[in-house]
Amino acid sequence: MDHRDFEACGISAGIASNLCDALTNSERVQIEDWRFLAAFSIPNVGKGGCEKLLKHHRIEDVFGLTVDDIVQIDGFAEKTAKSLVNSLAKVKSQVTALMPRFNLKRTTGAASVGNSAISSKTIVFTGSMQRSKREDMEKQAKALGAKVGSSVSAKTDYLVVGANVGANKTQAAGKFGTTILTEDEYLALIA
C-alpha cells in the first residue's frame, strides 16, 4: 500500500505520507495508538493531545465521545473538545479501516492510571539512573498518569534523583518544598 492508495480513499497527500511512513515502521515495530491517531492531523490536537485522550479512552471508543466527556480530561477546554468531536467524526471511517493494518501499542487505560501513587503528580527526573534509562522511567511515569517536567517549579511534586546530580534542581526543590526521592524510593513508591 502506498500514498496513492490512501489518497484514493480521500486522505490528503500529507496525511497519506504520514500513514505510509507509520505503516512501514509498524511492520517492524509497534506504534503507539496515539501516534497513529495523531497521524491524521486532527486540528487543534497534537501528539500530546492524542496521547492524553487515549490515556482515558480506547481508540475504538473516541468516536462516540461527547464534548462533556472530553472536557472532563485535564487539558481539554470546551472549544478544543467541540473541534475534536467534529474532527473525529470526519476521520472515523479512515481510522477504523486502517487500524487493523497497524501493530498498535495501546496507551495505558484510565483504570490503571487512577490507581497509581503518582497519578496527577508532576515529576522531574535528574541525574544518571542506575536501574533503568531515564527516558524509560519518564515514559512509565506518564503511563501511570504523572506529568513529567524538565525543570523544578512550584507545581513539581517529586524530584527523582540519580547519580551525578547538579545543585540547581535540588536547590529549587528545597525552595519549592518538592519531595526529593532517590531512584530506589521512587521505584518503591510506584511498586
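The values are calculated or read from the model by the stated rules, or taken from the named source; none is laboratory data. Fair warning: this is a prediction, and the values are worked out from it, not measured in the lab. Counting neighbours? That spans all protein chains shown, and the Cβs are built from the backbone with ideal geometry, glycine included. To get the accessible areas, we keep the full protein, side chains included, count just its heavy atoms, and leave off ligands, DNA and RNA. Shrake-Rupley method; radii C 1.70, N 1.55, O 1.52, S 1.80 Å.
Details
- Where Glu32 falls short, out of the listed (1) closer than 30 Å to Ala141 by Cα; (2) surrounded by fewer than 14 Cβ atoms within 10 Å (Cβ to Cβ): (2)
- Region 23-51 - residue that is part of a helix (DSSP H, G or I) and of a type in the set (S, T, N, Q) and, of those, nearest to Phe102 (Cα to Cα): Ser26
- Filter result for Ile73 (free of Cβ contacts under 8 Å to residues at least 60 places away in the same chain, under 20 Å from the mean Cα position of the chain (by Cα) and farther than 18 Å from Ser93 by Cα): yes
- Breaking point among (1) open to solvent by 60 Å² or more (accessible area, probe 1.4 Å); (2) over 22 Å from Thr107 (Cβ atoms); (3) in contact with a Lys or Arg (Cβ under 9 Å, 6 or more places away or on another chain), for Asn164: (3)
- Some residue of region 23-42 being closer than 30 Å to Ile190 by Cα, touching a residue at least 24 places away in the same chain (Cβ under 8 Å) and among the polar types (S, T, N, Q): yes
- Contact map, region 131-158: residues that are under 23 Å from Glu32 (Cα atoms) paired with residues that are of a type in the set (Lys, Arg) and at pLDDT 90 or above, Cβ distance under 8 Å, separation 6+ or inter-chain. Pairs shown: Gly149/Lys155.
- Residue in region 71-82 that is within 25 Å of Ala141 (Cβ to Cβ) and touching a Phe, Trp or Tyr at 6+ places or on another chain (Cβ under 9 Å) present: no
- Residue in region 97-115 that is part of a loop (DSSP other than H, G, I, E, B), open to solvent by 50 Å² or more (accessible area, probe 1.4 Å) and within 30 Å of Cys9 (Cα to Cα) present: yes
- Selection over region 167-186 of residues that are open to solvent by 50 Å² or more (accessible area, probe 1.4 Å), touching a residue at least 12 places away in the same chain (Cβ under 8 Å) and hydrophobic (A, V, I, L, M, F, W, C) gives a count of 2.
- When Lys121 is tested against (1) closer than 21 Å to Ala143 by Cα; (2) open to solvent by less than 20 Å² (accessible area, probe 1.4 Å); (3) at pLDDT 85 or above, just one condition goes unmet, and that condition is (2).
- Hey, Glu78 of a type outside the set (A, V, I, L, M), crowded, with 18+ Cβ neighbours inside 10 Å and either free of Cβ contacts under 8 Å to residues at least 12 places away in the same chain or under 30 Å from Glu185 (Cβ atoms) (or both) or not: no
- Criterion (in a helix (DSSP H, G or I), without any contact (Cβ under 8 Å) to a residue 12 or more places away in the chain and within 29 Å of Lys147 (Cβ to Cβ)) met by exactly one of Asn18, Asn86: Asn86
- Within region 130-150, tally of residues that are over 19 Å from the mean Cα position of the chain (by Cα) and small (Gly, Ala, Ser): 1
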